[in-house]
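First the structure, in the form of structure tokens, and then the observations on it.
Computed from the coordinates by the stated procedures, all read-outs in this text should not be read as laboratory data. Please read these numbers as outputs of a predicted model, since none were measured by experiment. Here Cβ is always computed from backbone atoms with ideal geometry, including for glycine, and neighbour counts include all displayed protein chains.
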């Protein structure tokens, strides 16, 4: 039984059936007596976020407690009564005020995972070097000036560790042997941070062993050196079966293709027998017909006559046989490569496409007309795709409802997109279907542009045409040559250019190239700190609205200069 609220705990009439409690925001004072009756409790998690309170010792004394988490309760030290939790395996005290890892933690002989992230750790007591069961340590926000000697003594037994960037860099530079022996050390990347909480929950719920955990964490960080060093059948299959973690599964498939499949791809010829396991991005009926055209038998099971195994996501228990001697392993991209080599008389590569052709294809793909889009996509049916159109393809996938168009767009995205891009297929839906304020729009576009190969300017242009938003992103990222005609289109018949509320941190330089065309310039409700002297280039400017720019309002020197530079202009601060 899993309890998730105060009322469920109070009203529980089967205390012996309770195995887990996870809830938010409650002082435990009035619940201790009831919780102490849950003698079979294995997991207890509390995310408080209110005033601090002491953790009742009765919780530590629960005889079967293995996993304990108290976050955001403003703990200043790890309570010494924690030693009563003799069977504790996981201790999460992240988001607190703890400054020391105390010696008495050595009494927790079963402790494997210690998460003290978001704590100002300054000291690890020397006795902690004898915490022989510890495998996972997160002290990513520690305040060390240099690597503590005790930490160096702990490292040989550690399987996964999160350190501050400065300390990790020192470890790599000055203690290379210790660094490279670590199965996983965080690269402190945004991608791995985003996935971490979910991954750790899966580790615990599925009981994944520490060597496999390290490999999966390296996949999340895309630590290529560690991945290639560790990749083997067991680790890859474990990663392929992770529930609700498509980004990890896709990356595992990439490495299967890279490490195991080159020889098998070459050997995929007439009379081969292909067993297909797991979820694919391409349509399996289409795949079956393609294979039949090449005299390759398609099956959904492995048997003695199977020559090739195509592994997809979540391939099931039968995938264990995929790595047996005498069988070739393939991934989806290998199959698509095979198609292109054997059937691509109409292959369309970027090098052979002119700028005019790309522009025409782009216009067709963003026309919003299902028929025009399908004509454009059909040109890539036989293989090949110019990467310059990957953003248009992504926009189609996010905005078109026709199932045939969607299927073809997804096929191409999975074929030619990066792992990071494929991971975005199920996210960012609201960006393309609703109008948002400029700050949120800019943040979302920047996220897509920074983490994938997508062109942020193309996305912003699309959103501006559809919703008249994303002008702030275009103002910041368009080149002067592109920005001038964009701004000219926004100037009304009275010479007014309204750039209010675009989250601008500076006036775009292209504005100063508009010359006599701007008579009224509204830059209110932005984040401007100053305005360049180039504002003098707007010779016909009669009104400059700079209201609700708090940093600029406080910049007395710049305000004085603006009045000097524009003596004939009314300026509103």
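Return 565, 48 ranked ascending by Cβ neighbour count within 10 Å, so the fewest neighbours appear first. Can you show the working numbers first?
On the way: 565 16, 48 21.
Ascending Cβ contact count within 10 Å gives the list 565, 48.
Could you tell me the relative contact order of region 257-337? Use alpha-carbon pairs under 8 Å, at least six residues apart, and round to a whole percent.
41
Expected output is a single nm value to one decimal: the length gained when fully extending between residue 153 and residue 480, i.e. 0.36 nm times separation in residues minus the C-alpha distance. What is it?
Computed gain between residue 153 and residue 480 is 112.1 nm.
Using the Cα gyration tensor of region 156-203, with a ≥ b ≥ c the square roots of its eigenvalues, what is the shape: rounded (a/c below 1.5), prolate (a/b larger than b/c) or oblate (neither)?
Oblate, since a/c reaches 1.5 and b/c is not below a/b.
Percent relative contact order of the chain, based on C-alpha pairs within less than 8 angstrom and at least six residues apart?
Details: 981 pairs, mean separation 28.2, N = 573.
Here the relative contact order equals 5 percent.
Evaluate E = 1/(1 + (r/R0)^6) for residue 359 and residue 540, where r is the Cβ-Cβ distance and R0 equals 35 Å; express this FRET efficiency to the nearest 0.05.
Given R0 = 35 Å and the Cβ-Cβ separation, E is 0.50.
Could you sort the peptides 474-480, 203-209 by per-residue average Cβ neighbour count (10 Å cutoff), highest mean leading?
474-480, 203-209
Give the order of 464, 433, 308, 294 when sorted by the count of other beta carbons within 10 angstrom, beginning with the fewest.
The most exposed by this proxy come first: 433, 294, 464, 308.
Decide, for region 2-186, between rounded, prolate and oblate: order the square roots of the alpha carbon gyration tensor eigenvalues as a ≥ b ≥ c, take rounded if a/c falls under 1.5, and otherwise choose prolate if a/b is larger than b/c, else oblate.
prolate
Rounded to the nearest Å, what's the spacing between the alpha carbon centres of region 541-560 and region 385-440? Just the number, please.
41
Could you let me know the centre-to-centre spacing of region 34-92 and region 113-171, using Cα atoms, in angstrom?
22
Between residue 27 and residue 467, what is the FRET efficiency for a Förster distance of 35 Å, r being their Cβ-Cβ separation, to the nearest 0.05?
Between residue 27 and residue 467 the formula returns 0.15.
Using Cα pairs closer than 8 Å and at least 6 residues apart in sequence, work out the relative contact order for region 218-304, in percent. Present the calculation step by step, with values, prior to reporting the outcome.
On the way: 57 pairs, mean separation 19.5, N = 87.
In percent, rounded to a whole number, it is 22.
So how far apart, in nm, are the two label points at residue 37 and residue 509 if each is 7 Å from Cα heading toward Cβ?
The two pseudo-label positions are separated by 7.3 nm.
Give the order of 130, 69 when sorted by the count of other beta carbons within 10 angstrom, beginning with the fewest.
130, 69
Tell me whether the chain comes out rounded, prolate or oblate; compute the Cα gyration tensor, take square roots of the eigenvalues as a ≥ b ≥ c, and use a/c under 1.5 as the rounded threshold.
oblate
Applying 1/(1 + (r/R0)^6) with R0 = 45 Å to the Cβ-Cβ distance of residue 378 and residue 258, what FRET efficiency is obtained, to the nearest 0.05? Display every interim value, and only then the final one.
Working: r = 30 Å, r/R0 = 0.68.
My answer for the efficiency is 0.90.
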